[in-house]
Amino acid sequence: MPFETSIVAAAPAGFTTPLLAIAVPQGEMPASLGALDKSTEGALTRIYASKDFNGKVDESVLLHPSGPAARLLLIGLGKVADLNPRRLRRAAASASKRARVLGVTSAAFHPAPEVVTVVGASVAAQVIAEGLSFGAWHFAEMKRPPEDPKPVLDNFQILAAADKAEFDKGHRIGAAIAAGQTLTRGLQVLPSNVCTPTYLGNRAEEIGKRHGIGVTVMDLAAITREGMGALLCVSQGGPEEPRFIILEYKGGSGAPVVLVGKGVTFDTGGISIKPAQNMEEMKYDMSGAAAVLGTFEMLGRLKPKINVIGLIPSTENMPSGTAIKPGDVVKSHFGKTIEIINTDAEGRLILCDALSWARRYQPSCVLDTATLTGAVVIALGHMASGVLGTDEGLIAEVQAAGERSGERVWPLPLWDEYRDLIKSDIADVKNSGGRPAGTITGAWFLKEFVEGYPWVHLDIAGTAYTEREDSTMVKGPTGVMVRLFSEFLLTRASKA
Ligand code: BES
Ligand code: MN
Ligand code: ZN
């Protein structure tokens, strides 16, 4: 059974559940928990008096009180003055991760009313739904089932002490975004021998059918016919056929937002081959594509009043006797010629044909997302995605959506002076500017193919997956950009 969350109009005192998680601000026991304290014979009074728990960010304590909740999990949110939706989402994620690891099949989450007042009931319910689903995520489908299978956590009830209607409203949004993000992570985690460009095309069609969203999947012949020479030159190194996937969600009037996602299902580097160390992580090189598909899952569920086009160029990047070689020159869909300096700079090649294709929709804006450069990890680490673009207003809008969604982005400059680094001796542009400012030259290359619309590029090489487990998630895919894209689109739809 898939993991689900629901809103229940109930107070925490007397609520029967295997595990009751309570998010509380730093400091004294919140007054609202008095009834629960009584019903647990003073369990809360005792833990607060002991000072073993203070409610600091990420602090948690597990109690086994007497009463109808078998376990009480207190989770700290930090100081009330610093409270925000991101902290609440994070607390929810750590609650569900803990519940899953403990092996309970169901649990409940109660945000202290003192917290709900600060964040707002609707936003609280939204981010709790997002967080619970985020923390519960794991992937065991490729393991042989154990002989004594652990119980599976399949539902989390969110206790609404008041404001049920507002909780319901926010929950509907949060649950849809969570479903999108779960779909994205499920795609990201798949190995490249399963998740091929053909597979991504099939999954896009499946999403389209389920929600009545138009999907067109172009095969090798169609891509060739359309002259997408940059996408083709990457795919020519391997036997897997490329795909160019188009999704068209029509929910409103007006120019569409176009979302573009890099869909390299495995990046060996090609002839400019990568070192063996950690190369298995390059199955995640389709994370941008997966984020676009997850966003369409959200759109299909919420049906907001906006038009959105999704474009996914997808291929493997393989070395072989037929592979593109350094020094080769190809002609892009846009018409510009490209000198291939490094076959490992393949993401920008497949994206440039998609950005060129995007012109036909006369979009209100284009947002692309890609695991594009190792350099963005050096610049920003794993805390934020890089954002660059042609329109300061759009960058600010994306950055604000990033803050609200907890998927933070941080700008890097796209000054004209950087253009020199991708000047080619014999073609219109070259695909690599070398090591300096790697994220910026990657974006500058893309900008060469942007014409007639405001554009923003999101480099998620440092945020699409984690190599380390933490209190909110297992090691692996993060589904990053589903929440940011959702926040961006839903805000635009609400203003239309
Ligand atoms: N897919 C990689 C970028 C990447 C690196 C993603 C690490 C996730 C983690 C991309 O195709 C790539 O290889 N970029 C090169 C560009 C260079 C050759 C100009 C890079 O970053 O080294
Ligand atoms: Mn590469
Ligand atoms: Zn790549």
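FYI, it's all coordinate maths here, none of it is from the lab. The shown structure was predicted, so the numbers you read here are calculated from the model rather than taken from an experiment. Positions of Cβ are generated from backbone atoms using ideal geometry, with glycine treated the same way; all protein chains shown enter the neighbour counts.
Using the number of other C-beta atoms within 10 angstrom as an exposure proxy, rank LYS56, LYS51 with the fewest first.
Values: LYS56 14, LYS51 7.
Exposure proxy ranking, most exposed first: LYS51, LYS56.
Which order do THR5, THR369, THR343, THR491 fall in if you start with the one that has the fewest other Cβ atoms within 10 Å?
On the way: THR5 23, THR369 31, THR343 26, THR491 15.
Ordered from fewest to most neighbouring Cβ atoms within 10 Å, THR5, THR369, THR343, THR491 come out as THR491, THR5, THR343, THR369.
Show me the ranking of peptides 106-115, 77-86 by mean Cβ neighbours inside 10 Å, starting with the highest.
Most protected by this proxy first, the peptides run 106-115, 77-86.
Just rank TYR284, TYR418, fewest to most, by other beta-carbon atoms within 10 angstrom.
Ordered from fewest to most neighbouring Cβ atoms within 10 Å, TYR284, TYR418 come out as TYR418, TYR284.
What percent of all Cα-Cα pairs in region 176-317 falls in each 10 Å bin, counting up from 0?
Using 10 Å bins, I get a P(r) of 13, 42, 31, 12, 2 for region 176-317.
Can you give the helix-only mean residue ellipticity at 222 nm for the chain, where every DSSP H stretch with n ≥ 4 adds -39500 (n - 2.57) and the sum goes over all residues, rounded to the nearest 500 deg cm²/dmol?
-11500 deg cm²/dmol
Hey, can you grab everything whose amide H is under 5 Å from the amide H of ASP328? Only 5+ residues off in sequence or another chain; H modelled, so Pro and N-termini drop out.
ILE340
Among DSSP beta bridges whose residues both lie in the chain, state the antiparallel percentage, nearest 5.
In the chain, approximately 40 percent of DSSP beta bridges are antiparallel ones.
If you take the C-alpha gyration tensor of the chain, multiply each eigenvalue by 5 and take the square root, what semi-axes do you get, largest first, in whole Å?
Calculated on Cα positions only, the semi-axes equal 44, 22, 21 Å.
Give me the tail of P(r) for region 268-356 as a percent: Cα-Cα pairs with distance above 21 Å.
Beyond 21 Å sits 44 percent of the P(r) for region 268-356.
Given the peptides 345-352, 189-196, arrange them by the average over their residues of other C-beta atoms within 10 Å, most packed first. The partial results should precede the final answer.
On the way: 345-352: 28.0, 189-196: 17.8.
For the peptides 345-352, 189-196, the packing ranking is 345-352, 189-196.
Just to confirm a number: summing +1 for Lys and Arg and -1 for Asp and Glu over residues other than PRO275 whose beta-carbon lies under 14 angstrom from that of PRO275, what do you get?
Local net charge: -3.
Identify all lysines with a Cα-Cα distance to LYS38 below 29 Å; exclude those on the same chain that are fewer than 8 residues away in sequence.
LYS51, LYS56, LYS79, LYS97, LYS164
Could you quote the convex hull projected area for region 389-496, Cα atoms only and averaged over all directions, in nm²?
Mean projected area for region 389-496: 8.8 nm², to one decimal.
At a Cα cut-off below 16 Å, give the lysines reachable from LYS283, other chains included and same-chain residues fewer than 8 away excluded.
LYS262, LYS274, LYS475
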